[in-house]
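> My structure is below; once you've seen it, I'll send some questions.
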Amino acid sequence: MRTKSGGYLLAAAMFAMGMTACNSDSDGTETGFTSDNIYSSTAITAFNIKANSKIISNLDSCYFTIDLVQSQIFNADSLPYGTDVTKLVPNITTNGSSLIEITVTGSSVMNDTVFSYTTDSTDSIDFSAPSKVSVRVVSVNSLYSQTYDLKVNVHQVKGDSLTWGEMAWRELPQSPTAQKTVEYGGNILTLFSNSNGYSILTVATPDDNGTVVSATFPATPEISSFTATDDALFCLADNGSLMSSVDGTAWSETGETWSHIYGGYGSRLIGVEKSGDEYFHVSYPAGASKAKVSADCPVSGTSQLILMENIWFENPIAITVGGRISNGNLTGATWGYDGNTWAKLSQGPISTQYEDMSLFPYFALRSTTKWWRVTKDSALFAMGGRKNDGTVSDTVYVSLDGGIHWDIAGESLQLPDVIPAFAGAQAIVADNTLTSRSSSSAAWNELPLYRSNPFSRAITPVSSWECPFIYIYGGVDASGALYPTIWRGVINQLTFKPIE
């Protein structure tokens, strides 16, 4: 594609400072060239790679940025991990140059070579590291030249992989024997027990050291029931007494006796009350009248309760998965609560039934090779849990439709061997601020970019962005022993600098 030279007048003026002139008293204007089209004839106006389906589909659609100020050409949105870039054929467009030549040095698969693109545009070029590739464009009157660095970026890690550290990210403090972690009041609170009694760890973000203070209860707490609403904390005692606190340190009894807590729904706590052999849905403070729990709805061992907004519903939907129903059997179904009514959502439940799974909202990635862009879809992830035989799991499941259907996640999303199987862990998603220096995205992150069309403008470089990480707190093994650890994971693509 050819573009009009007028769009590059500003860039051409910048080029005048850096161009190398031949020894001549003539500027070429007597031949009919103007200073404008002479200068702009050294500008590369479009660049891409020729299609080659043997390498990757729609290779020619990979978008390249032309930085006219820094004389650099690169694909900010890198090609997929493992793409072979040792034999690529470039497409280069100018406004009418007299010579285009490509120089390759330092290649591990070809000799140092200078190719004349003007006479032969079909030569293949090695863009793999450690090759250095540049292209020199000579003006129409042969008096000026400009040299550009060329780079074809390829992701160094698989973008869709869920990556975890080789070691636990952090240890929980003070050698706990039991723990439960919740989000409350803009902080993350961990209730834990050890040989000294009960304590609350409060941190603003997962990487803070936070503060630890003692907690006092009127009865022995079941730490696994620790839960937060918008304005209070709750926990069941070992005798079923429901206890509350506003800060996690001083606890008091509410006068209610429950058998299970699902979680918080706004400022209300929702759970289960057992009366004789029957179970009832209840809330605190009391809202709607008690409703009998249906035979296939779990009454214990449910996952974290996740609140999800949906444009089709007036109220948010609270979602939980797995657990044990009243007859003692496990379920793999998703259940939802809209503020008034419980209903089974699953049409394709988790194939293996578990209790005490970890449930959290995250993202699933879809890539399109037509434009080489990756989109994020909202997804639910469920992992870990205890089977009916008492063994614990490390399998990861994913749902792309709000828990209606579940599938075993692909291999790239499964937990690594270094993380042991677990049940009863809490998964919390929290943003971290990343910078281009900490990202594994393409090179030249700090440069101002000029798009390869004459009407585009410079883009302010993205220097930092928020990246959601998954934190897994605690969990127990098959014997019930606590893992006093925090693991941190992230889908690699989310750490790549955004393309804006």
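The values are calculated or read from the model by the stated rules, or taken from the named source; none is laboratory data. In this text, all values refer to a predicted model and were calculated from it rather than measured experimentally. Glycine gets a Cβ as well: all are built from the backbone with ideal geometry, and neighbour counts include every protein chain shown. Heavy atoms of the whole protein, side chains included, go into the accessibility calculation; ligands, DNA and RNA do not. Shrake-Rupley method; radii C 1.70, N 1.55, O 1.52, S 1.80 Å.
> Along region 58-64, what does the Karplus equation 6.51 cos²θ - 1.76 cosθ + 1.60 (θ = phi - 60°) give for ³J(HN,Hα), rounded to whole Hz, x for Gly and Pro?
6, 4, 6, 8, 5, 7, 10
> Applying a 10 Å radius around every beta-carbon, put 297-304, 386-393, 148-155 in order of their mean neighbour count, most first.
Values: 297-304: 23.0, 386-393: 15.2, 148-155: 20.4.
By packing density, highest mean first, the sequence is 297-304, 148-155, 386-393.
> A further question on this structure: From the Cα gyration tensor of region 184-310, with a ≥ b ≥ c the square roots of its eigenvalues, which class applies: rounded if a/c is under 1.5, or else prolate if a/b is larger than b/c, or else oblate?
prolate
> Let me ask something else about it. Using the Cα gyration tensor of region 283-368, with a ≥ b ≥ c the square roots of its eigenvalues, what is the shape: rounded (a/c below 1.5), prolate (a/b larger than b/c) or oblate (neither)?
The shape class here is oblate.
> Follow-up. Give the Rg/Rh ratio for region 59-162, taking Rg as the radius of gyration of the Cα atoms and Rh as the Kirkwood radius, to two decimals. Write down the numbers at each step before the final one.
Working: Rg = 14.5 Å, Rh = 14.7 Å.
Dividing the radius of gyration by the Kirkwood radius yields 0.99.
> Same structure, new question: Mind checking the per residue accessible area of region 170-268 for me, 1.4 Å probe, whole number of Å²?
Working: 4280 Å² over 99 residues.
Heavy-atom accessible area per residue stands at 43 Å².
> Quick check on packing: order 200-212, 403-415 by the mean number of other C-beta atoms within 10 Å, highest mean leading.
Details: 200-212: 15.1, 403-415: 16.8.
Taking the mean over residues of other Cβ atoms within 10 Å, the ranking is 403-415, 200-212.
> Still on this structure, I have one more. Given a cut-off of under 8 Å on Cα pairs at least six residues apart, what relative contact order in percent is computed for region 91-165?
Details: 113 pairs, mean separation 22.1, N = 75.
In percent, rounded to a whole number, it is 29.
> Which order, highest average first, do 484-493, 122-131 follow once you tally other Cβ atoms within 10 Å for each residue and take the mean per peptide? It would help to have the intermediate numbers written out before the result.
Numbers: 484-493: 20.5, 122-131: 16.7.
Packing order, densest peptide first, comes out as 484-493, 122-131.
> Let me understand region 119-232 better: what is its radius of gyration from the alpha carbons, and its Dmax, in angstrom?
Rg and Dmax of region 119-232, Cα atoms, are 29.2, 91 Å.
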